[in-house]
Every structure is written in structure tokens, then in C-alpha cells.
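What follows is a short report on a single structure.
Bear in mind these aren't lab numbers, they're just calculated from the coordinates by the rules spelled out. If you're wondering where the values come from, they're calculated on a predicted model, not measured in any experiment. With ideal geometry, Cβ positions are generated from the backbone for all residues, glycine too; neighbour counts draw on all protein chains shown.
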Amino acid sequence: MDSRARLLLVLTALAGVMLVYILYQPARSVDRDTAEEQPPQLSDLPFHLSYINDETCLKCHFQEKELPAFDLVAPEMPHDLRKNCGGCHQLAVG
């Protein structure tokens, strides 16, 4: 094998390793104590007053959803699905 072929083989292998690393690296976690942005508080809409389970949150927030009875649009969840929505999102007091 000549030197050009060997160099091409090494560069191709290196590119493949880098691609695999980029595609499969673990997701970075966010430390909520140091995060600049706090999760939005829940408004006092009737369905926010008692947390049932994550599925009830996703009925409105999996995708943006219009709520004509309240003249509102529920925003789409801007992050990956996490367990226990109520662990970060709290009811706004006051």
C-alpha cells in the first residue's frame, strides 16, 4: 500500500470515529441551580391547579394547541420529554 492510500485510509477512519463520537455522545444535563433560564410557572388555569400526570400536560403541550375557550394558545414544550413536569414547573402564586 503506497503512502497516499495509507493516508487516505487513516483520514477516513479518523473521520468515521469523529462522526460516531458526535452522533452518540451523551446528552449534556443542565444544572437547574446554575441555569440562567428558569422553567415557566404554570398559570392558574383549571387544569394547572392539580397535577395528575405527565400525560395530562402533554395533551396541550406536546404540540402547540389552541384553547379557544380560554382565548389562549398552549405553547409547545421546548425541550425533550422529561418525567414529572411538576418537578420543574410550579403554579404561579400571587
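Rounded to whole Hz and in sequence order, give me ³J(HN,Hα) for the stretch 48-58 from the Karplus expression 6.51 cos²θ - 1.76 cosθ + 1.60, θ = phi - 60°, writing x for Gly and Pro.
8, 5, 9, 6, 9, 6, 5, 4, 5, 5, 5
Exactly which trypsin sites (Lys or Arg not before Pro) in the stretch 44-94 are in a DSSP loop and have at most 14 other Cβ atoms within 10 Å?
Within the stretch 44-94, the qualifying trypsin sites (Lys or Arg not before Pro) (loop, at most 14 other Cβ atoms within 10 Å) are Arg82, Lys83.
Please work out the FRET efficiency for the pair Asp44 and His79, using the Cβ-Cβ distance as r and a Förster radius of 25 Å; give the result to the nearest 0.05.
0.65
Quick one: which residues, 5 or more positions from Leu91 or on another chain, have an amide H under 5 Å from its amide H? H modelled 1.01 Å from N in the peptide plane, none for Pro or chain starts.
Amide H neighbours of Leu91, under 5 Å, 5+ apart: Leu42.
List the residues whose amide H sits under 5 Å from the amide H of Tyr51, counting only those 5 or more places along or on another chain, with H placed 1.01 Å from N in the peptide plane.
So Tyr51 has HN proximity to no qualifying residue.
Helix 3-24 versus the longest principal axis of the chain: what angle, 0 to 90°, nearest 10, using Cα atoms?
Around 10 degrees separate the two axes.
Please list, ordered by chain and number, the residues whose modelled amide H lies under 5 Å from the amide H of Leu72; skip anything fewer than 5 residues away on the same chain.
The list, which skips near neighbours in sequence, is Leu67.
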